[in-house]
2 protein chains.
Amino acid sequence: MPNGAQRVVSGLFEAGVRVCFANPGTSELHLVAALDDVPGMRRVLCLFEGVATGAADGYGRMAGEPGCTLLHLGPGLAGGLPNLHNARRAGTPIVNVIGDHALRHKRLDAPLESDIGALAGTVSAWTRRAFDAAVLADDAAEAVAAAAGPPRAVATLIVPADVAWADAGDAVGAPGMPRGVAARGLVSEVEVAGVAAALRSGAPAALLLGGAATHGPGLRAAARVAAATGARLLCETFPARLERGAGLPPVERLGYRAADAAALLSGVRHLVLAGASVPVPFFAYPGQDDAVVPGGCEVRALGGGGGGDVVAGLSAVADVVGGRGPVSAPPAQEAVRPVVPDGALTGESAAAVLGALLPEGAVVVDEANTSGIWLPGATAGAPPHDWLTLTGGALGQGLPLAVGAAVACPGRPVVALVADGAAMYTPQALWTLAREGLDVTVVVFSNRAYAILELEQMMLGGAGVGAAGRELFDLDRPALDFVALARGMGVDAGRAATVAEFSALIGRGLREPGPFLVECVVPAIGRPARGGPAGTDS
Amino acid sequence: MPNGAQRVVSGLFEAGVRVCFANPGTSELHLVAALDDVPGMRRVLCLFEGVATGAADGYGRMAGEPGCTLLHLGPGLAGGLPNLHNARRAGTPIVNVIGDHALRHKRLDAPLESDIGALAGTVSAWTRRAFDAAVLADDAAEAVAAAAGPPRAVATLIVPADVAWADAGDAVGAPGMPRGVAARGLVSEVEVAGVAAALRSGAPAALLLGGAATHGPGLRAAARVAAATGARLLCETFPARLERGAGLPPVERLGYRAADAAALLSGVRHLVLAGASVPVPFFAYPGQDDAVVPGGCEVRALGGGGGGDVVAGLSAVADVVGGRGPVSAPPAQEAVRPVVPDGALTGESAAAVLGALLPEGAVVVDEANTSGIWLPGATAGAPPHDWLTLTGGALGQGLPLAVGAAVACPGRPVVALVADGAAMYTPQALWTLAREGLDVTVVVFSNRAYAILELEQMMLGGAGVGAAGRELFDLDRPALDFVALARGMGVDAGRAATVAEFSALIGRGLREPGPFLVECVVPAIGRPARGGPAGTDS
């Protein structure tokens, strides 16, 4: 007779979950055992919860359906929260399975007891604590449905240990809630007509794309609209997954700095949100305006609220406006690669190398932060690829995201571009890359600073951080040796201090199967290159 | 004119806070700047929030007064929650300062927006969101008072960016709430008399020590009680800080396994809780009794509720029972060191080496888990030292705790004994050890397994984890090279695969200033030694 844990796992599997990113403990052992019974469920061990949740985010973004995590009580969930925050902002479907103390044990306030529901609530659209083993497969199926959406979201199922180990009876298991049963909401004809009218008004207009609208079908529909109406194609500052490259419709990403984003939107009279939210500044700054959208601009959402089928909506708008507006082919990005420069290794020249070498079908994870500002430009005309960004601002996303993207996309090269400061939040992901033999080329931009804080302090008009305080921006005492760190976790690695070295190591990483890390020695923004023979400066 | 951030920092400093464990971001930049103005406030940069909070725990346990953390919005606090959970269980005084978005920015639901209050509430006895720069010094002083207790606790002050950067006016700052103004509650005479009567009843009795009762004065008072009454001296399974070693009263720690703890308490008719909670099992197991305290045992708390002065209470009891009970000197641990064995390197022989070499005044951080079960026995008769344990069960505590303990205790050697699995939750702490030049000898017990899960699965009566599921217990594919990891973060290190190598490396670590890491290659419990020449097996 199955127990509750077996019902959870079979319920997840029947609902379509195929991978579990796990950092389990005692409360989850029956769930671990239940995973044994389902050969089709891939188990990926992570040495820290933030790796498991970030991997589930990367998996969900690329697979389009939820993976699950398996985490240990409240502290385990807590460790995973920063990357679940990013996943929530990305609209990624994830099912967290959290083992809890046995129900009879809760009142004892044992050392690991804490308020799991409060923690889960900060990131989850759906949270349930299970009480009855007999219906655990249903609970699991409902969790998957809640995660799959629409809208896609984080769902958390809390499974007490005694519910997991209890007999679940003979019931025929989950009803096998059909996958995708919840249809996306239709975008109404009124909404479509309103958007079409706005775009054809002759006033400057733009489409701001996000969510599913930044994937191929959405992009192509949006490009038809743009071709017919002259509307500009923009996308969110930090898209969860942007398909881009040669042949795809090019979209301009809103700048991170509010002033840059506002400049891009300047003069726009009609802004159509297609899967995106109203753009706002990342942070407030003293004496600065919070507005990104210009005054007098009319904002309309297509498939608002996250539940509408924004791709169908864009297609419907394209059908309405097609043939009536300016006659032109939908825009397509020209195939163009940067010339690899001769100069010193900098963020800019490293970006050129990556633009020159990025393979077709690559999945690029971008947490390069200040060192990465040249990357979008340098890779714009590379062969088609996906670009995944730091949606929620919680650092430590890049390496875990690469784990999950690679699990979701066997056969596709994954390139993780990560700032050194960001990499150090979740370096344990490197071990999982090695363990799973994932084909990921990691670039760590080693500028030995939290350079973003220097920039932010400038944007704040000078927060008054002096020399002593600046020590908190500075990562060069001692220098981090990412080659040693990678090798310590079973990932081969090399250090590049010149453009030639960087090109050679990137080539090697892309050519060889499995993970490879390149430490890319660059100056912090506004500082001179630190180049020199590899290895002399660390 | 000072701004709000300067008021926060001056308020903290005037209330006695002398160190800030920081992982700041944009929302905290004015707080970073304010730290510049207070030369007496030590700033310790941590590369991950869990290091900052664990370090604050180690600092608070040893300093006896709160250090502060500086963390970035909700995701930053979230990353620090697992070690704040441990700190909460340890009763450690900590003030978290969390920068939040500007108040005017909150409604925009910017990418980093989340429910900071919900997160803080899971670990904090006191949480406040500041709104008024003029009273921020008072807010800070109240946070320190809430953390300092009694009872000692985690306090969280949320400072919106625009409150931090606002003019705070000319007010003369904080009232400088005097440190320690809140007196510990007195233990009533009735309570003392009741405890004394129970202990003199002639029935088997035991004192269960926790909190302040496991420090020198509490131990000595408890030992007087034991000498006079014949009561046994026990302490919690996971004490926050236990003073022990030659000349100090020896106490028996309750076993981790409920059956062991119950056996130790078997026959006890009067159990007096002195700073400890009623002992409960860590986890529930199917078909097993949750009781640790035997039926018919009367349990009394001395200074119940955490606010009473348990040391004064023990002294009062000792005064009442002194001279009336069995005539004997208070028990004192004999000075005795293990002989360093010849055999293979195992958890047991490694413990003997540590027992032989542990220096006087050492602060020992113990997150060795299954590899560490021989440590308490082997070090019992070493010169006096402090022993800090994993109070809340959230892994990743050991290395950060060592950071904070070393900051609190310059001049005392710190020895961090950490299991490999546990070390990988917060390895970034090594970098801070190197940056601050802290005199910490780290031992990583490399058994390449989550061996605790094997034990737990046995204790569950077999959860049914098969060969496939056991891969989630297994850390040897690939092997972690802690020497490389340490060097990658600026900490020199060596690997020991024999007892002789281990002795030599421990000696070196203790002799040399600054941090040093020893990878101690041991078999997982119940498996044969993996010994061999160092370096051949990784």
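Using only the alpha carbons of region B:189-321, determine the length spanned along each of the three principal axes and report them from longest to shortest in whole angstroms.
Here the spans come out as 45, 30, 28 Å, largest first.
Could you tell me the center-to-center distance, by alpha carbons, between region A:236-314 and region B:454-493 in angstrom?
When both Cα centres are located, 45 Å separates them.
According to a simple spin-label model (label point 7 Å from Cα along Cα-to-Cβ), what is the distance in nm between B:V340 and B:R511?
1.0
When the C-alpha atoms of region A:259-361 are aligned to their principal axes, what extent does each axis show, in angstrom, from largest down?
Cα extents, longest axis first: 48, 45, 29 Å.
In whole percent, what relative contact order does chain B give with Cα contacts below 8 Å and a gap of six or more residues?
The normalised contact order for chain B reaches 14 percent.
Loop sites only, by DSSP: take the GluC sites (Glu not before Pro) in chain B that have at most 14 other C-beta atoms within 10 Å and name the longest stretch containing none of them.
B:1-333
Using a 1.4 angstrom probe on protein heavy atoms only, which residues from region A:20-62 are buried by at least 40 Å² of accessible area when all chains are present rather than their own chain alone?
Those are A:P24, A:T26, A:L29, A:H30, A:V32, A:A33, A:D36, A:R43, A:L45, A:L47, A:F48, which lose 40 Å² or more relative to the chain on its own.
Carbon and sulfur atoms: what percent of the 1.4 Å accessible area of region B:457-508 do they account for?
Of all accessible area on region B:457-508, carbon and sulfur atoms account for 56 percent.
Does region A:26-120 come out rounded, prolate or oblate by the C-alpha gyration tensor, with a ≥ b ≥ c the root eigenvalues, rounded set by a/c under 1.5 and, if not, prolate when a/b is larger than b/c and oblate if not?
Because a/c hits 1.5 or more and a/b fails to exceed b/c, region A:26-120 counts as oblate.
Out of residues 5 or more away from A:V443 or on other chains, whose amide H comes under 5 Å of its own, with H placed 1.01 Å from N in the peptide plane?
Amide H neighbours of A:V443, under 5 Å, 5+ apart: A:A416, A:L417, A:V418, A:V518.
For B:P528, place a label point 7 Å out from Cα along the Cα→Cβ vector, do the same in each other copy, and report the separations in nm, one decimal, smallest first.
6.1
Report the antiparallel proportion of the DSSP beta bridges in chain A as a percent, rounded to a multiple of 5.
Counting only bridges with both partners in chain A, antiparallel ones make up about 10 percent.
Which order do B:W165, B:W431 take by accessible area at a 1.4 Å probe, largest first?
In descending accessible area the options line up as B:W165, B:W431.
What relative contact order, as a whole-number percentage, does region A:189-321 give when Cα pairs under 8 Å and 6 or more residues apart are counted?
Computed value for region A:189-321: 33 percent relative contact order.
What accessible area, in Å² to the nearest ten, does a 1.4 Å probe give for B:L357?
Near enough 70 Å² of accessible area.
Binning at 20 angstrom from zero up to the longest distance, how are the C-alpha pair distances of the protein assembly as shown distributed in percent?
13, 43, 34, 9, 1, 0
Over region B:347-521, with the other protein chains present, what is the accessible area per residue in square angstrom, probe 1.4 angstrom?
Roughly 24 Å² per residue, with all protein chains present.
Find every distance from the label point of A:A259 to the corresponding label point in the other copies (7 Å from Cα along Cα→Cβ) and write them in nm, one decimal, shortest first.
7.0
For chain B, which span is the longest to avoid every loop-located (per DSSP) member of trypsin sites (Lys or Arg not before Pro) having at most 14 other Cβ atoms inside 10 Å?
B:108-323
Using only DSSP helix segments of four residues or longer, with each worth -39500 (n - 2.57), what per-residue ellipticity at 222 nm results for the protein assembly as shown after dividing by its residue count and rounding to 500?
-10500 deg cm²/dmol
Evaluate the Debye formula for region B:4-165 with equal point scatterers sitting on the alpha carbons, no solvent, and hand back log10 of I(q)/I(0) at q = 0.10, 0.15, 0.21 Å⁻¹, in q order, two decimals.
The Cα Debye sum returns log10 ratios of -0.28, -0.66, -1.40.
With solvent modelled as a 1.4 Å probe, how much accessible area in total do chains B and A shield from it at their shared surface, in Å² to the nearest 100?
So the total buried area for this chain pair works out to about 7600 Å².
Check which residues have an amide H placed less than 5 Å from B:S114's amide H, if you skip close sequence neighbours.
Amide H neighbours of B:S114, under 5 Å, 5+ apart: B:G74.
Any idea what the relative contact order of region A:347-521 is, in percent, if you count C-alpha pairs under 8 Å spaced at least 6 apart?
Reported as a whole number, the value is 23 percent.
At a 10 angstrom cut-off on C-beta neighbours, averaged per residue, how do the peptides A:370-376, A:420-426 rank from highest to lowest?
Ranking, from highest mean packing down: A:420-426, A:370-376.
Sorted from largest down, give the three principal axis spans of the alpha carbons of chain B, whole angstrom values.
Taking max minus min along each principal axis of the Cα atoms, chain B gives 65, 64, 47 Å.
Can you list, shortest first in nanometers, how far B:E512 lies from the same residue in the other copies, with each label 7 Å from Cα toward Cβ?
Relative to the other copies, B:E512 has label-point distances of 3.0 nm.
Could you order A:T229, B:T127 so the one with the most accessible surface comes first? Probe is 1.4 Å.
B:T127, A:T229
The values are calculated or read from the model by the stated rules, or taken from the named source; none is laboratory data. It should be emphasised that the depicted structure is a prediction, and the values quoted were computed from it without experimental measurement. FYI the Cβ positions are ideal-geometry reconstructions off the backbone, even for glycines, and counts take in every protein chain you see. All accessible areas refer to the heavy atoms of the entire protein, side chains included, with ligands and DNA or RNA removed. Shrake-Rupley method; radii C 1.70, N 1.55, O 1.52, S 1.80 Å.
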